[in-house]
Structures are given as structure tokens and as C-alpha cells.
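To keep things clear, I will list the structure first and then write my remarks on it.
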Amino acid sequence: MGQALRRFSGQDSTTWTFPDAIAEIDRLGNTLKRGWDGHGASEIGFTARTNAVDFVRRVWKDYGTVVQAPAVAPVSDGGIALEWIVRTPQGARELELVFLDRGNEYSVRYQGKSAFEHEGEDESVPFLLSLVGRYGK
């Protein structure tokens with residue numbers, strides 16, 4: 001985690017809507033086969049894909065347009081990464097959630113006067129939603 005997300009669609013994700021993010025998750029799940037990165041990456045797992053789509057739908061339902069739609073990228077161990085970057089006068093906040101078949105990971109970074117970074121694993125959708133509410137808008 002913590003790497004810049006690769007934009008596979010070629011579309012500028014800053015203009016994405018929630019349906020665009022869901023469509024990108026589905027596209028990645030349908031098109032990326034084992035070894036898609038040239039280094040033996042796993043194909044996107046069914047559970048990871050389903051959980052990522054369900055989470056994007058939940059964020060859309062709970063936050064509407066208060067939160068921008070996330071950037072979407074595959075991760076080499078068969079997951080989907082969702083990323084929110086919010087720039088403020090005090091600095092940039094970055095939230096990255098990774099959905100894997102085996103569970104979820106998160107990373108929060110803040111660059112500014114009081115820079116910090118925190119990451120961990122948590123399967124709780126309410127906890128992950130609280131991160132989006134706090135750092136994704």
C-alpha cells in the first residue's frame with residue numbers, strides 16, 4: 001500500500017461518478033487475468049470485487065455527493081484499491097482502502113503541518129465508512 005494507484009482506464013478519475021467507479025471495478029474484474037502486471041499478479045478475487053462494489057454503493061448511499069467517488073485500481077495480490085485524495089489549504093489527505101479476498105486493509109496519510117500516517121486491517125464496514133467520512137471529504 002502507499003503506492004500511487006495506476007489508472008488502467010486512461011480516464012481522469014477526478015471526474016468520476018460513483019457509477020464510473022463501480023464500472024471500473026467490474027471492468028478490472030472481468031479483464032485482468034493471472035499475470036496481468038507481468039510479474040505473476042493474481043486475478044481479481046470474486047469476494048474482493050464484490051466487497052469493493054458493495055462498499056462504493058454504500059459510500060454513495062451514505063454520503064452522496066459530499067464525498068467524491070474514489071479512484072480505482074487493481075492490486076497485485078488479487079484485490080481492488082479505492083483511493084480518495086483531498087487537497088486542503090492545510091495539506092493533502094489520502095485515504096486508501098484495499099479489498100482482498102482475505103480481508104480489508106486501510107491506509108491514511110496526511111501531509112501538512114501535523115503530518116501523520118496510519119494503516120491497519122479491519123473488516124468492519126462501519127469503521128471503513130467512518131474513515132471515508134473523516135478523510136474522504
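The values are calculated or read from the model by the stated rules, or taken from the named source; none is laboratory data. All values reported here derive from a predicted model rather than from experimental measurement. Neighbour counts run over all protein chains shown; Cβ positions are idealised from the backbone, glycine included.
Candidates 96, 83, 105: the one that is of a type in the set (Asp, Glu), surrounded by 14 or more Cβ atoms within 10 Å (Cβ to Cβ) and in contact with a Pro (Cβ under 6 Å, 6 or more places away or on another chain) is 83. Restricting attention to region 62-80, the residues that are surrounded by 15 or more Cβ atoms within 10 Å (Cβ to Cβ) and either touching a Leu at 6+ places or on another chain (Cβ under 7 Å) or not aromatic (Phe, Trp, Tyr) (or both) add up to 12. With respect to the stated conditions, residue 12 is modelled with pLDDT under 90 and surrounded by fewer than 17 Cβ atoms within 10 Å (Cβ to Cβ).
Applying the selection to region 59-96, what residues are of a type in the set (A, V, I, L, M) and either farther than 21 Å from residue 18 by Cα or touching a Ser or Thr at 6+ places or on another chain (Cβ under 8 Å) (or both)?
Residues of region 59-96 of a type in the set (A, V, I, L, M): 59, 66-67, 69, 71-73, 75, 80-82, 85-86, 92, 95.
Hits for region 59-96 are 69, 71, 72, 92, 95.
The residue that is surrounded by the most Cβ atoms within 10 Å (Cβ to Cβ), counting only those in region 110-129 that are over 16 Å from residue 86 (Cα atoms) and free of Cβ contacts under 8 Å to residues at least 24 places away in the same chain, is 122. Within region 16-58, the residues that satisfy the criterion of being surrounded by fewer than 19 Cβ atoms within 10 Å (Cβ to Cβ), of a type in the set (D, E, K, R) and not in a loop (DSSP other than H, G, I, E, B) are 20, 26, 27, 54, 57, 58. For region 61-103, filtering for residues that are in contact (Cβ under 8 Å) with a residue 12 or more places away in the chain and assigned to a loop (DSSP other than H, G, I, E, B) leaves 9. With respect to the stated conditions, residue 92 fails to be in contact with a Phe, Trp or Tyr (Cβ under 6 Å, 6 or more places away or on another chain) and not aromatic (Phe, Trp, Tyr). Annotation note: of 46, 99, 116, the sole residue that is aromatic (Phe, Trp, Tyr) and under 16 Å from residue 134 (Cα atoms) is 116.
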